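Here is the structure we will look at.
The values are calculated or read from the model by the stated rules, or taken from the named source; none is laboratory data. Not measured: the values here are computed from a predicted model. With ideal geometry, Cβ positions are generated from the backbone for all residues, glycine too; neighbour counts draw on all protein chains shown.
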């Protein structure tokens with residue numbers, strides 16, 4: 001034990017001077033007399049080969065006996081391999097975190113380090129790079145199905161069985177696709193947690209094959225030539241609104257996504273070049289692709305131009321080719337074509353608005369030889385496929401797509417008129 005050199009009387013009588021001075025009590029403990037009159041306890045020690053100083057409070061709030069006790073406690077920490085200065089800093093950080101956690105809990109906010117906290121932080125970081133629709137869907141799905149079960153749990157404490165339990169709750173209500181999507185969303189949160197030091201493993205990777213397989217969805221479509229001919233005749237005889245009849249006819253001739261067709265604008269149609277230019281912002285792409293990608297070009301056959309010229313009589317003075325019947329400021333409702341198909345006698349399991357794409361894809365491949373599947377995929381605005389890759393919108397490929405749209409329109413005319421169309425097999 002160090003020899004104690006100070007007494008309470010000595011410390012009390014010590015007067016401040018122009019410069020700070022120190023009175024030693026032995027064992028590294030000293031009291032520093034400040035010029036302004038304050039008296040501070042200090043303990044000088046060595047840790048990891050370096051000399052350091054630890055504050056132990058002020059006199060007389062901390063009497064001499066308490067200062068010696070604090071020195072002895074700190075010395076025991078050093079003997080145990082713990083730096084008391086660093087331990088104090090860590091304790092301060094932990095207290096601040098605890099106060100923050102209590103404040104967040106009182107406000108009903110997620111606590112730092114929990115699944116919900118990290119998920120919301122990840123969402124806030126990524127939202128500018130996502131489309132608004134995906135950003136809303138991502139957060140809403142988590143709020144409905146993940147946060148109520150996992151939200152308050154520390155991210156690092158969630159293992160595969162715990163995550164699987166949350167996903168199984170979704171699966172049990174029959175939302176198989178939603179469960180698979182949530183597994184993907186959770187995986188993104190855990191990867192971000194690993195990157196930011198909040199967890200060490202991604203338990204979603206251990207759940208491969210644990211959920212029921214997603215049901216394969218096929219859009220209902222008429223795929224046989226005879227049935228397609230009947231469908232086209234039904235469209236021609238449709239007695240509903242001319243705009244709806246035009247939307248049905250152009251769905252068959254252009255086979256673009258229903259949302260793009262409904263939102264077609266007159267400014268996008270160039271009759272002189274027989275081209276429909278769909279802006280990148282309207283396409284089914286990532287936000288970067290919407291903001292920086294090329295527009296999607298749809299060559300228009302003679303038959304499509306005739307229909308558009310007829311439609312100008314009904315909507316040519318407005319913005320949209322297919323305006324809503326309730327407001328010209330909005331495009332046609334997504335239910336309009338579906339309802340028209342129902343009125344024509346086609347059930348949901350027979351034909352849908354999206355089915356025109358499957359119809360074209362199937363019949364062109366099977367019945368119109370000589371057309372590359374890559375050209376078809378390019379016209380469908382599908383992603384990279386085959387040697388044409390993402391360059392399919394460049395002008396050097398446009399001739400192939402123009403010819404395909406002409407051949408397709410003529411083929412539909414023959415089917416509508418009841419001609420027997422026999423595919424010609426290449427030698």
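Data for the structure
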{"read-out": "Residue 36 vs. criteria surrounded by fewer than 14 Cβ atoms within 10 Å (Cβ to Cβ), under 60 Å from the mean Cα position of the chain (by Cα), without any contact (Cβ under 8 Å) to a residue 24 or more places away in the chain and part of a loop (DSSP other than H, G, I, E, B)", "value": "yes"}
{"read-out": "Enumeration of residues in the stretch 66-92 that are part of a helix (DSSP H, G or I) and exposed (fewer than 10 other Cβ atoms within 10 Å of the Cβ)", "value": "79"}
{"read-out": "Failed criterion for residue 141 (all others in (1) closer than 23 Å to residue 210 by Cα; (2) over 22 Å from the mean Cα position of the chain (by Cα) hold)", "value": "(2)"}
{"read-out": "All helices (runs of 4 or more DSSP H) inside the stretch 205-264 with 2 or more residues being farther than 30 Å from residue 295 by Cβ", "value": "225-236"}
{"read-out": "Some residue of the stretch 165-176 being under 24 Å from residue 125 (Cα atoms) and touching a residue at least 12 places away in the same chain (Cβ under 8 Å)", "value": "no"}
{"read-out": "Residue list for the stretch 227-239, restricted to those being farther than 16 Å from residue 364 by Cβ, touching a residue at least 60 places away in the same chain (Cβ under 8 Å) and over 40 Å from the mean Cα position of the chain (by Cα)", "value": "233, 234, 236, 238"}
{"read-out": "Hits in the stretch 314-338 (condition: over 17 Å from residue 238 (Cα atoms) and buried (at least 18 other Cβ atoms within 10 Å of the Cβ))", "value": "315, 320, 321, 323, 331, 332"}
{"read-out": "Options 342, 367: the member that is farther than 25 Å from residue 283 by Cα and surrounded by fewer than 15 Cβ atoms within 10 Å (Cβ to Cβ)", "value": "342"}
{"read-out": "Meets criteria (in a helix (DSSP H, G or I) and either exposed (fewer than 13 other Cβ atoms within 10 Å of the Cβ) or modelled with pLDDT under 90 (or both)) for residue 102", "value": "yes"}
{"read-out": "Hits in the stretch 351-379 - residues which are assigned to a loop (DSSP other than H, G, I, E, B) and in contact with a helix residue (DSSP H, G or I) (Cβ under 8 Å, 6 or more places away or on another chain)", "value": "351, 352, 353, 354, 368, 371, 372"}
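Here is a yes/no grid of residues against (1) assigned by TED's automatic domain parsing to the domain that holds residue 14; (2) without any contact (Cβ under 8 Å) to a residue 60 or more places away in the chain:
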{"site": "50", "(1), (2)": "yes, yes"}
{"site": "53", "(1), (2)": "yes, yes"}
{"site": "67", "(1), (2)": "yes, yes"}
{"site": "74", "(1), (2)": "yes, yes"}
{"site": "81", "(1), (2)": "yes, yes"}
{"site": "89", "(1), (2)": "yes, yes"}
{"site": "109", "(1), (2)": "no, yes"}
{"site": "130", "(1), (2)": "no, no"}
{"site": "146", "(1), (2)": "no, yes"}
